[in-house]
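Q: Before I ask anything, here is the structure I am working with.
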Amino acid sequence: MTDAVMTTISLPSTVSDRWQELLQRYTDLPDDYDYTAAQQRTLKEYRAVRPKVLKTREVYTVPYHGPEHPTTALIGETLRTAIWDAYDLMEDITSSHQSKLQQMLQRWITHGHFGLPKPTRPAKTAQQAEQEAAQAAFRQEVEAEARRMIQHACALLRKSESPMTPPSGFHADMVIKMSWHPNRVSSNGGYWKGKPHLSLVLKNMKPDAVTLKDEYAHIEQSPVIGSFRGPWQVRLAGVIAHEVAHAAQFTAKFKRGSVFRTVGKRDLSPTHGSGWQEIYRYLRESWVNQMEGFEAAH
């Protein structure tokens, strides 16, 4: 076997046991099978290989001589029988598992590698590539606009007409995260580990579309801070105003240095209570509701 390379064959324990049974039968009862003396020697050599025993699998290190070599054909046939018997006779593996193992075996026979080929993705069409590039460009545009809007909302809170102004460093210290993941449900704003936080879910931003921004039930009917419609820029501004108001609310609750005007510290509970509503109303009236394309839903 000097022309061989060493390869590994990983088998479920039930298939491995069946393979060992077959090799033992073929070599212990040579008169019952039509194998030549050379084939008998090959079967004995492979029978002598001891596998590395894992929890549910046994891994053999065996020589591989190439796809056209008679040893490869012989060992491949014994393995094919063992896999089929484990499925059909002993019912130890499922049909799909049997099919996969046969594919893995065929790959070992033809390429010397016992495993499934890596799935190949179909080549993208020019249209698909163009759509993906456009989507990536749009997402970059939205995220850049979101950062600009966050800075603008924080600047509005520093004005004297703001109901309250968060402590210094509110915007500079703010941790901002943005997600387009389809499973993310809602954005949030708050104060965590000594810093204001914003987490924006952007999956609902759509180019060239008017969409609805739903508000909580107890404010959705409000003509000022209720639900509204608009293009993605308006909807994004509404999301940011909502969450920046929360970030200001919780920062003021847990960090010293806020300036309270028409909103007092005791007004900042509960989460969507009068204090938060006052901050949000100010951002809506002075900014979001003035944007082009804004339309109150009620």
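Q: Is it the case that Ala123 is of a type in the set (Gly, Ala, Ser) and outside any helix (DSSP H, G or I)? Step through it out loud before you land on a result.
A: On the way: of a type in the set (Gly, Ala, Ser): yes; outside any helix (DSSP H, G or I): yes.
Yes; evaluated as a whole, the condition is true for this residue.
Q: Hey, another quick one. Of everything in segment 242-266 that's part of a loop (DSSP other than H, G, I, E, B) and over 9 Å from Met164 (Cα atoms), which residue is nearest to the chain's Cα centre (by Cα)?
A: First pass over segment 242-266, keeping only residues part of a loop (DSSP other than H, G, I, E, B): 255-258, 261-264.
After this cut, where a residue has to be over 9 Å from Met164 (Cα atoms) as well, the list is 255-257.
On the way: Lys255: 35, Arg256: 39, Gly257: 40 Å.
Among residues in segment 242-266 that are part of a loop (DSSP other than H, G, I, E, B) and over 9 Å from Met164 (Cα atoms), the one nearest to the chain's Cα centre (by Cα) is Lys255.
Q: Moving on. If the requirement is being free of Cβ contacts under 8 Å to residues at least 60 places away in the same chain and in contact with a Phe, Trp or Tyr (Cβ under 7 Å, 6 or more places away or on another chain), which of these qualifies: Lys118, Lys177, Lys206, Lys193? Show your work before the answer.
A: Details: Lys118 fails: in contact with a Phe, Trp or Tyr (Cβ under 7 Å, 6 or more places away or on another chain); Lys177 fails: in contact with a Phe, Trp or Tyr (Cβ under 7 Å, 6 or more places away or on another chain); Lys193 fails: in contact with a Phe, Trp or Tyr (Cβ under 7 Å, 6 or more places away or on another chain).
Just a single option satisfies the conditions, and that option is Lys206.
Q: Take segment 186-203 and flag every residue that is of a type outside the set (Ser, Thr, Tyr), under 18 Å from the mean Cα position of the chain (by Cα) and surrounded by 15 or more Cβ atoms within 10 Å (Cβ to Cβ).
A: Result: Leu200, Val201, Leu202.
Q: For Ile93, indicate whether it is modelled with pLDDT of 95 or more and assigned by TED's automatic domain parsing to the domain that holds Arg41. Steps first, please.
A: Numbers: modelled with pLDDT of 95 or more: no; assigned by TED's automatic domain parsing to the domain that holds Arg41: yes.
No; evaluated as a whole, the condition is false for this residue.
Q: Any idea which residue in segment 207-252 is surrounded by the most Cβ atoms within 10 Å (Cβ to Cβ), counting only those that are of a type in the set (Lys, Arg) and at pLDDT 95 or above? Talk me through it step by step, then tell me what you get.
A: Residues of segment 207-252 of a type in the set (Lys, Arg): 213, 229, 235.
Add one more test, that the residue is at pLDDT 95 or above, and what stays is 229, 235.
Working: Arg229: 15, Arg235: 24.
Among those that are of a type in the set (Lys, Arg) and at pLDDT 95 or above, it is Arg235.
Q: Now a separate question. For segment 267-281, does any single residue satisfy the condition of being assigned to a helix (DSSP H, G or I), of a type outside the set (D, E, K, R) and touching a Pro at 6+ places or on another chain (Cβ under 6 Å)?
A: Going residue by residue through segment 267-281, those that are assigned to a helix (DSSP H, G or I) are 267-268, 274-281.
Among the residues that remain, those that are also of a type outside the set (D, E, K, R) are: 268, 274-277, 279-280.
With the extra rule that they be touching a Pro at 6+ places or on another chain (Cβ under 6 Å), the set shrinks to 279.
Yes, segment 267-281 contains a residue that is assigned to a helix (DSSP H, G or I), of a type outside the set (D, E, K, R) and touching a Pro at 6+ places or on another chain (Cβ under 6 Å).
Q: Can you name the condition, by its number, that Glu161 falls short on among (1) surrounded by fewer than 15 Cβ atoms within 10 Å (Cβ to Cβ); (2) closer than 30 Å to Thr7 by Cβ; (3) out of contact with any helix residue (DSSP H, G or I) (no Cβ under 7 Å at 6 or more places or on another chain)?
A: (2)
Q: If I ask for residues that are closer than 30 Å to His65 by Cβ, out of contact with any helix residue (DSSP H, G or I) (no Cβ under 9 Å at 6 or more places or on another chain) and not hydroxyl-bearing (Ser, Thr, Tyr), which ones from segment 105-127 would you list?
A: Arg107, His111, Lys118, Pro119
Q: In segment 82-119, which residues are β-branched (Val, Ile, Thr) and surrounded by 15 or more Cβ atoms within 10 Å (Cβ to Cβ)? Walk me through how you get there before you give the answer.
A: Looking only at segment 82-119, we keep the residues that are β-branched (Val, Ile, Thr), and these are 83, 93-94, 109-110.
Those that are β-branched (Val, Ile, Thr) and surrounded by 15 or more Cβ atoms within 10 Å (Cβ to Cβ): Ile83, Ile93, Ile109.
Q: Do you know which of the residues in segment 267-298 that are over 37 Å from the mean Cα position of the chain (by Cα) and surrounded by fewer than 20 Cβ atoms within 10 Å (Cβ to Cβ) is nearest to Thr251 (Cα to Cα)?
A: Across segment 267-298, the extreme among qualifying residues is Asp267.
Q: Taking the stated definitions as given, is Arg47 more than 19 Å from Lys100 (Cα to Cα) and surrounded by 12 or more Cβ atoms within 10 Å (Cβ to Cβ)? Before the answer, list the steps.
A: Working: more than 19 Å from Lys100 (Cα to Cα): yes; surrounded by 12 or more Cβ atoms within 10 Å (Cβ to Cβ): yes.
In short, yes.
Q: Regarding segment 72-82, can at least one residue be identified that is without any contact (Cβ under 8 Å) to a residue 40 or more places away in the chain and either outside the structural domain of Leu11 (by TED's automatic domain parsing) or among the basic types (Lys, Arg) (or both)? Please lay out each step first, then the result.
A: Within segment 72-82, the subset without any contact (Cβ under 8 Å) to a residue 40 or more places away in the chain is 72-77, 80.
Pick out the ones that are also either outside the structural domain of Leu11 (by TED's automatic domain parsing) or among the basic types (Lys, Arg) (or both) and you get 80.
Within segment 72-82, one or more residues are without any contact (Cβ under 8 Å) to a residue 40 or more places away in the chain and either outside the structural domain of Leu11 (by TED's automatic domain parsing) or among the basic types (Lys, Arg) (or both).
The values are calculated or read from the model by the stated rules, or taken from the named source; none is laboratory data. This one's a predicted model, so the numbers in the text were calculated from it and none came from an experiment. Here the Cβ is made from the backbone with ideal geometry for all residues, glycine too, and neighbour counts use every protein chain on show.
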